[in-house]
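Please see the structure below; I have some questions.
The values are calculated or read from the model by the stated rules, or taken from the named source; none is laboratory data. The structure displayed is predicted, hence computed values, not measured ones. We place every Cβ from the backbone using ideal geometry, glycine too, and count neighbours over all the protein chains shown. Ligands, DNA and RNA are stripped out before the accessible areas are found, and what is left, the full protein with its side chains, is counted by its heavy atoms. Shrake-Rupley method; radii C 1.70, N 1.55, O 1.52, S 1.80 Å.
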Amino acid sequence: MSDHKMKAAVFRKYGPPEVVGIEVINRPIPTAKEVQVKVHFTTVNRTDCGFRSAEYFVSRFFSGLFVPKQKVLGCEFAGEITKIGKEITRYKIGDRIFGFNDSVFGGHAEYLTLPEDAAIVEIPAAFSYRDAAPLSEGGHYALSNIRAAKITAGQRVLINGGTGAIGSAAIQLAKHIGAEVTAVCATQHLDLVRALGADVVIDYTKQDFTLLQNKFDVVFDAVGKSNFGRCKPLLNDTGIYMSTELGPHFENPFLGIIGLFRSGKRVLFPIPLLKRDDILFLRELAEAGKFKPIIDRTYPLSEIVDAYTYVETGQKIGNVLISVNQ
């Protein structure tokens, strides 16, 4: 293949996993303030799935109303810098980096380009590309919600969906803060969730967590399977409910706005703001052994449709990786 070409998973219309196909396209060329990255590993996650399917029409206001503006998805990646723009000062060719970008994406390809000040950081020396690739997306969303709720040591937190990329990260981050964590998962994953640090684990196949008599400071539904009405009895008098989904009839954003002007039990629906410092923080926790993303399985880039299909079963545990330049 020409040095100016690359393989990429491309989608030109919204729809199911099958709209994605492997194509040979031009490699992106970095501008003066950009770096070119040879992608070693990326992930297929809920962010990618949401932008590809445009199931929530509102996403099209960001990604393109009728056809996608970004033809190559992949918001999370780990790779090696192969070219740098003439104004780059932070990085050099050969640096190993990982990061997250949900505005230009590009990780589902052999090469991508990003601005120097994007949410990318160097991979710790002891970490492989595979280790680093899933450090960002789930951790970013979990961290955004935990900070929005201002969770502090000693608070009681319930996390529904303890084995997802976001939920498993949320358990570890909440425990790092010192919260008391109750997590919900399926029977076969009870030990895994306990190993993540959860103090109490609820098997949703045997017990409806919304019927618990316990009271919590925060209920975080990391899989969007519940709603405020069902979880309200779980909250203490000033408790907060959060979800990664819009909720029935798109209620969560509206309830979140109302919650800004009221006290008592309320909904928070924070808009996650991506900061490089957050990726640095997640790296520090990972290096200290306090945050370790779960890896479910790995697909080659050529099988990315299968990866999307599996992710959308809702059965994945943690992260699904894509091996690109291996």
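Among the numbered criteria (1) at pLDDT 95 or above; (2) open to solvent by 10 Å² or more (accessible area, probe 1.4 Å), which one does residue 74 miss?
Condition (2) is where residue 74 drops out.
Go through region 1-26 and report how many residues are in contact with a Lys or Arg (Cβ under 9 Å, 6 or more places away or on another chain) and either among the aromatic types (Phe, Trp, Tyr) or surrounded by 20 or more Cβ atoms within 10 Å (Cβ to Cβ) (or both).
Of the residues in region 1-26, 5 are in contact with a Lys or Arg (Cβ under 9 Å, 6 or more places away or on another chain) and either among the aromatic types (Phe, Trp, Tyr) or surrounded by 20 or more Cβ atoms within 10 Å (Cβ to Cβ) (or both).
Specify which of the listed residues (167, 224) is in a helix (DSSP H, G or I) and touching a residue at least 12 places away in the same chain (Cβ under 8 Å).
Values: 224 fails: in a helix (DSSP H, G or I).
Being in a helix (DSSP H, G or I) and touching a residue at least 12 places away in the same chain (Cβ under 8 Å) holds for just one of 167, 224, which is 167.
Contact list please: Cβ distance under 9 Å, first residue in region 300-326 and closer than 13 Å to residue 74 by Cα, second residue open to solvent by 20 Å² or more (accessible area, probe 1.4 Å) and modelled with pLDDT under 95, pairs at least six apart or on different chains.
Note: pairs meeting the criteria are 301/325.
Here are 223, 157, 201: which of them is surrounded by 23 or more Cβ atoms within 10 Å (Cβ to Cβ), within 23 Å of the chain's Cα centre (by Cα) and among the hydrophobic types (A, V, I, L, M, F, W, C)? Break it down stepwise before answering.
Numbers: 223 fails: surrounded by 23 or more Cβ atoms within 10 Å (Cβ to Cβ); 201 fails: surrounded by 23 or more Cβ atoms within 10 Å (Cβ to Cβ).
When all the criteria are applied, what remains is 157.
Do you know which residues across region 204-220 are open to solvent by 20 Å² or more (accessible area, probe 1.4 Å) and not charged (D, E, K, R)?
If we filter region 204-220 for residues that are open to solvent by 20 Å² or more (accessible area, probe 1.4 Å), which is where we start, we get 204-208, 211-215, 217.
Across region 204-220, the qualifying residues are 204, 205, 207, 211, 212, 213, 214.
Would you mind listing the strands (runs of 3 or more DSSP E) fully within region 53-164 where at least 2 residues are of a type in the set (Ser, Thr, Tyr)?
In region 53-164, 111-115 are the strands (runs of 3 or more DSSP E) which contain 2 or more residues that are of a type in the set (Ser, Thr, Tyr).
Based on what the data block shows, is residue 207 without any contact (Cβ under 8 Å) to a residue 24 or more places away in the chain and either out of contact with any strand residue (DSSP E or B) (no Cβ under 6 Å at 6 or more places or on another chain) or of a type in the set (Val, Ile, Thr) (or both)? Give the derivation first.
On the way: without any contact (Cβ under 8 Å) to a residue 24 or more places away in the chain: yes; either out of contact with any strand residue (DSSP E or B) (no Cβ under 6 Å at 6 or more places or on another chain) or of a type in the set (Val, Ile, Thr) (or both): yes.
Spelling it out, residue 207 is indeed without any contact (Cβ under 8 Å) to a residue 24 or more places away in the chain and either out of contact with any strand residue (DSSP E or B) (no Cβ under 6 Å at 6 or more places or on another chain) or of a type in the set (Val, Ile, Thr) (or both).
Within region 258-288, how many residues turn out to be part of a helix (DSSP H, G or I), exposed (fewer than 15 other Cβ atoms within 10 Å of the Cβ), aliphatic (A, V, I, L, M) and in contact (Cβ under 8 Å) with a residue 12 or more places away in the chain?
Total satisfying the criteria: 1.
Let me ask something else. Any chance you could count how many residues in region 291-318 are open to solvent by less than 20 Å² (accessible area, probe 1.4 Å), in a strand (DSSP E or B) and touching a Lys or Arg at 6+ places or on another chain (Cβ under 9 Å)?
Qualifying residue count for the region: 0.
Is it the case that some residue within region 179-186 is within 23 Å of residue 269 (Cα to Cα) and not in a strand (DSSP E or B)? Quick ask: steps written out before the conclusion?
Here is the first cut: in region 179-186, the residues within 23 Å of residue 269 (Cα to Cα) are 179-185.
Those left that are additionally not in a strand (DSSP E or B): 179.
Yes, region 179-186 has at least one match.
Within the set of pairs 6+ apart or on separate chains, which have a first residue in region 6-24 that is hydroxyl-bearing (Ser, Thr, Tyr), a second that is in a loop (DSSP other than H, G, I, E, B), and C-beta atoms under 8 Å apart?
14/54; 14/67; 14/68
Does at least one position in region 121-143 carry a residue that is open to solvent by 10 Å² or more (accessible area, probe 1.4 Å), modelled with pLDDT under 95, under 21 Å from residue 277 (Cα atoms) and touching a helix residue (DSSP H, G or I) at 6+ places or on another chain (Cβ under 6 Å)?
Within region 121-143, none of the residues are open to solvent by 10 Å² or more (accessible area, probe 1.4 Å), modelled with pLDDT under 95, under 21 Å from residue 277 (Cα atoms) and touching a helix residue (DSSP H, G or I) at 6+ places or on another chain (Cβ under 6 Å).
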